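Okay, handing you the structure first.
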Amino acid sequence: RMQNSGSKPCSCPSLKLREVASMYFTTVAAFLVILVVALQGSAPRGSDFPYKVPLDPKGLLELSWNVSYPEQAVHFQLLIRELHFGLLFGMSDRGEFENADLAVLWSDGRNSYFGDAWSDAKGQLHMDSQQDYQLLGARRAPEGLYLLFRRAFSTCDPKDYLIEDGTVHLIYGILEKPVPSLQAINLSALHGGLQRVQLLKPNISIPELPRDMKTMEITAPDVIIPSQETTYWCYMAELPEGFPKHHIIMYEPVVTAGNEALVHHMEVFQCTAEFDSFPHYNGPCDSKMKPDRLNYCRHVLAAWAMGAQAFYYPEEAGLAFGGPGSSRYLRLEIHYHNPLVFRGRRDSSGIRLYYTATLRPYDAGIMELGLVYTPVMAIPPGEDAFVLTGYCTDKCTQLVSNSALQPGCTSEEKGTGGCRDTGWVSPLGTVPWHQSHMSPSLPSQEIRMLKEVVAVFPGDELITTCTYNTEDRSRATVGGFGILEEMCVNYVHYYPQTQLELCKSAVDSGYLHRYFNLVNRFNDEEVCMCPQVSVPQQFYSIPWNAFNRDVLKSLYGFAPISMHCNKSSAVRFPGEWEKQPLPIITERLQEPKPHCPPSLAPQPAAPVPLNLGQLRRD
């Protein structure tokens, strides 16, 4: 379903991003405070929490937060719609309850308490001697209990999680029975889960929007969400006949109320202009009924994931769509994550585009970086942190003129860096990924805003690194589009637009063939090298001992690569792209060391007592 709106918006002053509530944020009314608690700081107002994400699939726990860079702290507001006998909320390196940093609200049936705790490797809870989750208050409202607390980025407490740029793994657990003490909480018996977010959103000024701005909604037409854990839903939409060239200057999510915990991410793709028409389709993306022609709709116009905010282009650039040489056909793709297998849930979510006929000085572009979707890039099973790297080499970027990376990239478990002929590499800020903060859960496909615009010059090299965990798999995981396959891709927003739309790599197939031959020579179990056997089948037949693992890692670290330096037409630029040497990185910029702020006041190693009234008994 596609809707247009020609209403003229009000001109808004430039605001900091953390001061602007997301479009789907419900303004919190004045609450009746029903408890007395010694505040350890001033509690922000409800409207001061611009970022919001559901924690659980039912939407019973909703987290809102803001970021104070002057204070180097995050303020949290946790809405508990159905409070039983408390809950645990916190962070851990891999989204597990072991070795976690936790804020705990619990009740013994008569009294309630709040405290900062940590769990050891066996999952046993301990009260932290340094209380760094600082309770600011609690408020009752018709929709539930609001719990407000504060946490510094860095506490210099070895038991605490260091909050830094990139993905943070938030964990939660619900206490359904009273417990006599914190130590009596059995983490293994909790109903809990994991949510992955970027807590440290950068402060970015929102540009003033033009008066002639219009909106267009690309939304699913009342879809019944399938009763399965994972669904990718595709829907085809059309621009009006004769739609002239416009600039997209902003977009934001449109999520059906009640489905906030089910809509994981969404993308709008424009189809290639190679075909005059595309068939209508509304159904699962992996269905055999989906027309093959929809595979030619891969040009990204907009991308959103749970926890992301509205995306704005800078005042001097916009993403072009419409007009000569531009297809009228768009494909909306929605990823539904339905782990509780709800039945009969209807959805009309999508993305709202804001566009203008007053063209800006520069056309923006979206460039695809990383690894080619190919099975030659594989991860052995049982790996804790296996690294794959995709390259956009200097030979490819020399084909284009100077560009600036707009502060926003769509990404998965990765970080992208830039390298010049001086040999240094610096992060571009998409997802600075750390092995200690990795999780085997769902990948993140979220717009990550850079803190500042980054200039990219001809001859620069863009390197994308992805880290994978396959401890729960018994055979190799190969690259590809399938649900059980992996991909390593970054969509980078930039301007001015060039003809370079895809810049990705893969290991040279000849060197991979030599690897399979080497495995055969040094292992008793033979890897079939028959011509009719596919690369995935060859990987699946490998006995994954230490030798085979180490040699594959070394292969990916030194073997030449096949470069895909493609135009928007999906055709490679002329040139020699096979057996290209890997870029040489001689030095990496050092990451800043955590800053340990002075403590506001000594905090006792004891919980804060609360009066929450009679708690729920089922």
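The values are calculated or read from the model by the stated rules, or taken from the named source; none is laboratory data. A quick note: this is a predicted structure, and the numbers were derived from the prediction, not measured. Neighbour counts run over all protein chains shown; Cβ positions are idealised from the backbone, glycine included. In case anyone asks, the SASA skips ligands and DNA or RNA and just uses the protein heavy atoms, side chains included. Shrake-Rupley method; radii C 1.70, N 1.55, O 1.52, S 1.80 Å.
Is the shape of the stretch 51-201 rounded, prolate or oblate, going by the alpha carbon gyration tensor and its root eigenvalues a ≥ b ≥ c, with a/c under 1.5 for rounded and a/b larger than b/c for prolate?
Details: a/c = 1.43, a/b = 1.15, b/c = 1.25.
Judged from the Cα gyration tensor, the stretch 51-201 comes out rounded (a/c under 1.5).
Residues of the stretch 204-360: accessible area per residue at 1.4 Å, in Å²? Before the final figure, lay out the partial values.
On the way: 6180 Å² over 157 residues.
Spelled out: the 1.4 Å probe surface of the stretch 204-360, per residue, equals 39 Å².
Given the whole protein assembly as supplied and a 1.4 Å probe, what does the accessible area of LEU83 come to in Å², nearest 10?
20
Now for a separate question. What's the extension gain from THR230 to SER188 if we count 0.36 nm per residue and subtract their Cα-Cα distance?
Working: separation 42, 0.36 × 42 = 15.12 nm, distance 2.55 nm.
Difference between extended and current length: 12.6 nm.
Please sort 515-523, 198-206, 295-303 by packing, taking for each peptide the average over its residues of neighbouring beta carbons within 10 angstrom, highest first. Walk me through the numbers on the way to the answer.
Details: 515-523: 14.4, 198-206: 17.3, 295-303: 20.1.
The densest-packed peptide leads the list: 295-303, 198-206, 515-523.
Compute the distance in nm between two label points, each set 7 Å from the Cα along the Cα-to-Cβ direction, one at ASP120 and one at ILE585.
3.8
Could you give the length gained on full extension between PHE558 and VAL453, defined as 0.36 nm per residue of separation minus the Cα-Cα distance, in nm?
The span from PHE558 to VAL453 would gain 34.6 nm if fully extended.
Then there's this: Would you work out if the stretch 204-360 is rounded, prolate or oblate? Take a ≥ b ≥ c from the square roots of the eigenvalues of the alpha-carbon gyration tensor; rounded if a/c is under 1.5, else prolate when a/b is larger than b/c, oblate otherwise.
oblate
So if I take the centroid of the Cα atoms in the stretch 529-595 and the same for the stretch 106-184, what is the distance between those two points in Å?
About 42 Å separates the Cα centre of the stretch 529-595 from the one of the stretch 106-184.
If you don't mind, there's one more thing I want to ask. Rounded to the nearest Å, what's the spacing between the alpha carbon centres of the stretch 246-300 and the stretch 204-225? Just the number, please.
Going from one Cα centre to the other spans 15 Å.
To continue, here is another question. Please give me, ordered by residue number, the trypsin sites (Lys or Arg not before Pro) of the stretch 76-118 that lie in loop per DSSP and have at most 16 other Cβ atoms within 10 Å.
Numbers: sites: ARG81, ARG94, ARG110; in loops: ARG81, ARG94, ARG110.
Of the trypsin sites (Lys or Arg not before Pro), the ones in loops of the stretch 76-118 whose Cβ has at most 16 other Cβ atoms within 10 Å are ARG81, ARG110.
Determine the share of the stretch 182-236's accessible area contributed by carbon and sulfur atoms, expressed in whole percent, with a 1.4 angstrom probe. Walk me through the numbers on the way to the answer.
Details: 990 of 2200 Å².
It is 45 percent, rounded to a whole number.
What pairs from LYS214/LYS245; LYS159/LYS593; LYS201/LYS593; LYS58/LYS288 go past 21 Å between their alpha carbons? Let's see the in-between values first.
On the way: LYS214/LYS245 13 Å; LYS159/LYS593 17 Å; LYS201/LYS593 19 Å; LYS58/LYS288 31 Å.
Those over the limit are LYS58/LYS288.
So for each of 174-182, 213-221 I average, over its residues, the number of other beta carbons within 10 Å; can you give me the resulting order with the highest mean first? Present the calculation step by step, with values, prior to reporting the outcome.
Values: 174-182: 16.2, 213-221: 19.7.
Taking the mean over residues of other Cβ atoms within 10 Å, the ranking is 213-221, 174-182.
Another one. For ALA570 and MET289, what does the FRET efficiency come to when R0 = 22 Å and r is the distance between their Cβ atoms, rounded to the nearest 0.05? Working shown, then result.
Details: r = 25 Å, r/R0 = 1.12.
With a Förster radius of 22 Å, E is 0.35.
Over the stretch 61-187, with the other protein chains present, what is the accessible area per residue in square angstrom, probe 1.4 angstrom? Please list the in-between numbers first.
Values: 4160 Å² over 127 residues.
Result: 33 Å² per residue.
Further, regarding this structure: In what sequence, highest mean first, do 500-508, 160-168, 53-61, 235-243 appear when ranked by Cβ atoms within 10 angstrom? Could the numbers behind the result be given before it?
On the way: 500-508: 22.8, 160-168: 21.1, 53-61: 18.7, 235-243: 15.3.
Taking the mean over residues of other Cβ atoms within 10 Å, the ranking is 500-508, 160-168, 53-61, 235-243.
Give, as ranges by residue number, the residues of the stretch 228-262 whose backbone N falls under 15 Å from the point 7 Å along Cα→Cβ of ASP276.
242, by backbone N distance to the label point.
Also: Compute the length gained on full extension between SER509 and GLN130: take 0.36 nm times their separation in residues and subtract their Cα-Cα distance, giving the result in nm to one decimal. Intermediate values should be presented prior to the final figure.
On the way: separation 379, 0.36 × 379 = 136.44 nm, distance 5.44 nm.
The SER509-GLN130 span can extend by a further 131.0 nm.
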